[in-house]
1. Considering only residues of segment 1-25 that are open to solvent by less than 90 Å² (accessible area, probe 1.4 Å) and assigned to a strand (DSSP E or B), which is modelled with the lowest pLDDT?
2. Being within 11 Å of the chain's Cα centre (by Cα), assigned to a helix (DSSP H, G or I) and among the hydrophobic types (A, V, I, L, M, F, W, C) is the filter here; which residues of segment 36-59 pass it?
3. Name the residues in segment 26-43 that are open to solvent by 70 Å² or more (accessible area, probe 1.4 Å) and hydrophobic (A, V, I, L, M, F, W, C), would you?
4. Within the group Arg69, Arg150, Arg79, which residue is touching a Lys or Arg at 6+ places or on another chain (Cβ under 8 Å) and at pLDDT 95 or above?
5. In segment 48-68, which residues are aliphatic (A, V, I, L, M) and buried (at least 21 other Cβ atoms within 10 Å of the Cβ)?
6. Give all pairs with beta carbons closer than 7 Å in which a residue from segment 113-126 that is acidic (Asp, Glu) meets a residue that is open to solvent by 10 Å² or more (accessible area, probe 1.4 Å); count only pairs at least 6 apart in sequence or on separate chains.
7. Of all residues in segment 130-143, which are open to solvent by 40 Å² or more (accessible area, probe 1.4 Å) and either assigned to a loop (DSSP other than H, G, I, E, B) or among the aliphatic types (A, V, I, L, M) (or both)?
8. When you go through Asp162, Asp135, Asp157 one by one, which is the residue that is acidic (Asp, Glu), within 22 Å of Lys70 (Cβ to Cβ) and modelled with pLDDT under 50?
Amino acid sequence: GQGIPLLQNRRTGVVCWDQDVVIPVLLDGRTLAVWMSLTPMEVFTLREGISMAKGTVVIGGLGMGYLLRKVCAKTTVERVIVVEQSRELLDWFGNRLCAAQPKVTDVICGDAYDQLGQFGDQARYLFDIWPTYGDAAEDARFQTAKHQYRGVWGWGDYHLVDPGQHRPKSAPGSGIKQSP
């Protein structure tokens, strides 16, 4: 009977259900803290990034795959590159999930920041790599990247800038990286 509070760019709301609901959650095995989840807040707060997706999209952080599935479903998206730092997550379900998406051309195990500028000036970079909503706004590395490259979006970034306002840093080649 209790609602679940939501937060989206400093706006709040509540989601209520009239029946039981299952919300998938992955816990960190050492601390039992939530590592990834698919709560209503996550769904709502990813909408902005999904709306930016077109052409070539680099997804930084696979999570539980919701962002990936929604981006791949868009007709404006031609190609998706997934960058996930956790080899364990890729081995457990990420590689199979990515293989089931025809638009995914590359799966890279590594740091999403290393891929900025690697896929052309028109690529969109959607980062969902922080443990808590709003951490992107406080991440100096992300804030710098967002102003150096065009089309960079981060989950929970309060300081959104229109991608058309960015001046792209010269891309060091257009080669495709393969996962090790």
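1. Checking each candidate, the answer is Gln8.
2. Listed by number, the residues that qualify are Leu46, Ile50.
3. Listed by number, the residues that qualify are Leu27, Leu32, Val34, Trp35.
4. After ruling out the rest, the residue left standing is Arg79.
5. Hits for segment 48-68 are Ala53, Val57, Val58, Ile59, Leu62, Leu67, Leu68.
6. Listed pairs, sorted by first residue: Asp121/Arg150; Asp121/Pro168; Asp121/Ala171.
7. Pro131, Thr132, Ala140
8. Checking each option against the conditions leaves just Asp162.
The values are calculated or read from the model by the stated rules, or taken from the named source; none is laboratory data. Quick caveat: nothing in here was measured; it's all calculated off a predicted structure. In this analysis, Cβ positions are derived from the backbone assuming ideal geometry, glycine residues included, and neighbour counts consider all displayed protein chains. Each accessible area value is taken on the protein alone, full model and side chains, heavy atoms only, with ligands, DNA and RNA left out. Shrake-Rupley method; radii C 1.70, N 1.55, O 1.52, S 1.80 Å.
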